[in-house]
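What follows draws every value from the coordinates through simple rules; no lab data is involved. Since we're looking at a predicted model, the values are computed, not measured. Cβ sites come from the backbone with ideal geometry, for glycine too, and all protein chains shown count toward neighbours.
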């Protein structure tokens, strides 16, 4: 049974989830194979929790700072973040120690989800996503709720990029920023950790959708 982490709990206008480690799936392999093995469980979770698997938009995730406008279900090449104003479109980001950063507009105009590890954080991908939501959808950064998913943290990792993500969101104008401080490396029974499992592991899946 999958016990999800629930970001943005009780925030109206959005549906969000964070799928942690899936029990019983052998993921001691490369990323592509691990994702293939996890795909049935992830699809079942989406259906069971009201997300449409056929409306999943993902990003290629190449550890850069590009944020794409997502308007349909596809993998956005060259992007590490997605923003949308399309109700029912499901944004998906895969992580294993990096953070999935959730961005939800209190007014229900738009949502964003970005993949931010050390490299993406150094390039301020969260700030770029907030700026894009402001430009494309007229979102006031002060209306955003920002939440940082479980990710690896010191002393198991040399950089506290989660704290930098929080600072970048604040600098971009967000006021309501949430980080529970969960470290993926400290609990590999519940989360995948690229660092602790030496690259042979699965991926958690962050999900965010505007409620139709």
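If the chain linking residue 175 and residue 74 were pulled fully straight, counting 0.36 nm for each residue of separation and taking away their Cα-Cα distance, it would gain 33.2 nm.
Taking segment 87-101 and a reference point 7 angstrom along Cα→Cβ of residue 195, the backbone N atoms nearer than 16 Å belong to 95-100.
Segment 176-212 and segment 140-164 have Cα centres separated by 12 Å. Note on the chain: antiparallel DSSP beta bridges, both residues inside, total approximately 70 percent of the bridges counted. In the chain, Cα pairs under 8 Å separated by at least six residues give a relative contact order of 27 percent.
Going by how many other Cβ atoms sit within 10 Å of their own, how do 193, 15 line up, fewest first?
15, 193
Could you tell me which of rounded, prolate or oblate describes segment 141-212, using a ≥ b ≥ c as the square roots of the eigenvalues of the alpha-carbon gyration tensor, with rounded for a/c under 1.5 and, failing that, prolate when a/b is larger than b/c and oblate otherwise? Oblate, because a/c is 1.5 or more while a/b does not exceed b/c.
For the chain, the C-alpha radius of gyration divided by 2.2 N^0.38 Å, with N the number of residues, is 0.92. For residue 29 and residue 9, the difference between the fully extended length at 0.36 nm per residue and the C-alpha to C-alpha distance is 3.9 nm.
Normalised by the number of residues in segment 103-212, the average gap of Cα pairs under 8 Å and 6 or more apart makes the relative contact order 27 percent.
When a/c reaches 1.5 or more, the comparison of a/b and b/c decides; with that in mind, is segment 7-84 rounded, prolate or oblate per its Cα gyration tensor?
Oblate is the answer for segment 7-84, as a/c is 1.5 or above yet b/c matches or exceeds a/b.
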